[in-house]
Amino acid sequence: MRTIYRTDRGKVRQHNEDNGGVFINSTGIRLAIVADGMGGHRAGDVASTMTVDLLKKSWDEAGAIETANEAEEWLRENITKVNEVLFQHAAENKECQGMGTTIVAAICTDKFASVANIGDSRCYLHNESGFKQVTEDHSLVNELVRTGQITKEDAEHHPRKNVLLRALGTELKVEMDIVTVMFEEEDILLLCSDGLSNKVSEQEMCNIVKNEHSLEEKATAFIDLANQYGGEDNITLVLVQFYDESVVR
């Protein structure tokens, strides 16, 4: 399995409130995370950093995960714990009141990928069937699209595009979506913050993912394109590609 994590401040923001990474536990399984923080003065990066650090610590201590049910249960249990810690931290630290973060996290094995998300950071899958979004945004605009009140095209330029209906750490209890997809040789997962998905179209993402360039070159192309289109937000992404190491290339 090949992976790459990249984050960029963008061209406008003074600080990078995104965080993430790819972490390998003792059994060799990868956990990929992208978190897009928000909140009071610099509190967004507190929320996203705490989220990644806490999940990494739990992942370092995790044992073997052999089934999708085990992966989904690990994500549900540990993200729920992180939510409680963030909520408590915000309650006890005035400068962090109202802080929160999106999260998209994927446990990646050589048979499947289990993906959890809260907010509008996304996961896409490129496989032999094409390129598709795996997660559903928890945003006001997506709810309007889902219920038929506006079109997907209207959503692209909606004035309330950044209003989230769910975030990690803003309430004591939080709901998350979890889905498992089959992960086969040459498949690529893309996890990203909305600093990428708001600027780069799905077709452009598909074109970058399916080209013959290395993962490093693909990651650079994503960030360069988002910045070329304005770079108003922080840009963070993880690419995970599964390949069979036993095959001579």
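Of the residues LYS173, LYS161, only one is touching a helix residue (DSSP H, G or I) at 6+ places or on another chain (Cβ under 9 Å), of a type in the set (Lys, Arg), over 30 Å from GLU92 (Cα atoms) and open to solvent by 40 Å² or more (accessible area, probe 1.4 Å); which?
Values: LYS173 fails: over 30 Å from GLU92 (Cα atoms).
On inspection, the qualifying residue turns out to be LYS161.
Would you confirm whether or not segment 117-140 contains a residue that is in contact with a strand residue (DSSP E or B) (Cβ under 8 Å, 6 or more places away or on another chain), free of Cβ contacts under 8 Å to residues at least 40 places away in the same chain and polar (S, T, N, Q)? So far as segment 117-140 goes, yes, one or more of its residues are in contact with a strand residue (DSSP E or B) (Cβ under 8 Å, 6 or more places away or on another chain), free of Cβ contacts under 8 Å to residues at least 40 places away in the same chain and polar (S, T, N, Q). With respect to (1) at pLDDT 95 or above; (2) surrounded by fewer than 14 Cβ atoms within 10 Å (Cβ to Cβ), the lone exception for MET205 is condition (2). Scanning segment 90-113 for residues being touching a Phe, Trp or Tyr at 6+ places or on another chain (Cβ under 8 Å) and crowded, with 22+ Cβ neighbours inside 10 Å gives a total of 3. All conditions but one from (1) closer than 23 Å to GLN241 by Cβ; (2) crowded, with 16+ Cβ neighbours inside 10 Å; (3) β-branched (Val, Ile, Thr) apply to THR51; the one that does not is (1).
Determine whether SER26 is of a type in the set (Gly, Ala, Ser) and either in contact with a Phe, Trp or Tyr (Cβ under 6 Å, 6 or more places away or on another chain) or within 27 Å of LYS199 (Cα to Cα) (or both). Quick ask: steps written out before the conclusion?
Values: of a type in the set (Gly, Ala, Ser): yes; either in contact with a Phe, Trp or Tyr (Cβ under 6 Å, 6 or more places away or on another chain) or within 27 Å of LYS199 (Cα to Cα) (or both): no.
Judged against the criteria, SER26 is not a match.
Determine which member of the set ALA106, ALA91 is farther than 21 Å from VAL200 by Cα, outside any loop (DSSP other than H, G, I, E, B) and in contact (Cβ under 8 Å) with a residue 40 or more places away in the chain. Working first, answer last.
Values: ALA91 fails: in contact (Cβ under 8 Å) with a residue 40 or more places away in the chain.
Of the residues listed, the single one that is farther than 21 Å from VAL200 by Cα, outside any loop (DSSP other than H, G, I, E, B) and in contact (Cβ under 8 Å) with a residue 40 or more places away in the chain is ALA106.
For segment 51-88, a residue qualifies if it is in contact (Cβ under 8 Å) with a residue 60 or more places away in the chain and under 20 Å from VAL22 (Cβ atoms), and the qualifying residues are THR51, ALA68, ALA71, GLU72, LEU75, ILE79, VAL82.
Taking every residue in segment 20-47 that is hydroxyl-bearing (Ser, Thr, Tyr) and pairing it with any residue that is open to solvent by 40 Å² or more (accessible area, probe 1.4 Å), at least 6 positions away or on another chain, the pairs with Cβ-Cβ distances below 6 Å are THR27/ALA64.
All of GLU212, GLU245, GLU216 fail the test of being charged (D, E, K, R) and modelled with pLDDT of 95 or more, apart from GLU216.
Kindly evaluate GLU186 against the criterion of being on the phi > 0 side of the Ramachandran plot, of a type in the set (Asp, Glu) and open to solvent by 60 Å² or more (accessible area, probe 1.4 Å).
Numbers: on the phi > 0 side of the Ramachandran plot: yes; of a type in the set (Asp, Glu): yes; open to solvent by 60 Å² or more (accessible area, probe 1.4 Å): yes.
Yes: the conditions hold for GLU186.
Could we say that SER121 is among the polar types (S, T, N, Q), modelled with pLDDT of 95 or more and under 20 Å from the mean Cα position of the chain (by Cα) here? Yes, satisfied.
The values are calculated or read from the model by the stated rules, or taken from the named source; none is laboratory data. Here the structure is a predicted model, which means the values were calculated and not measured. Reconstructed Cβ throughout: ideal geometry from the backbone, glycine too, with neighbour counts over all protein chains shown. These accessible areas exclude ligands, DNA and RNA; they are computed on the full protein's heavy atoms, side chains included. Shrake-Rupley method; radii C 1.70, N 1.55, O 1.52, S 1.80 Å.
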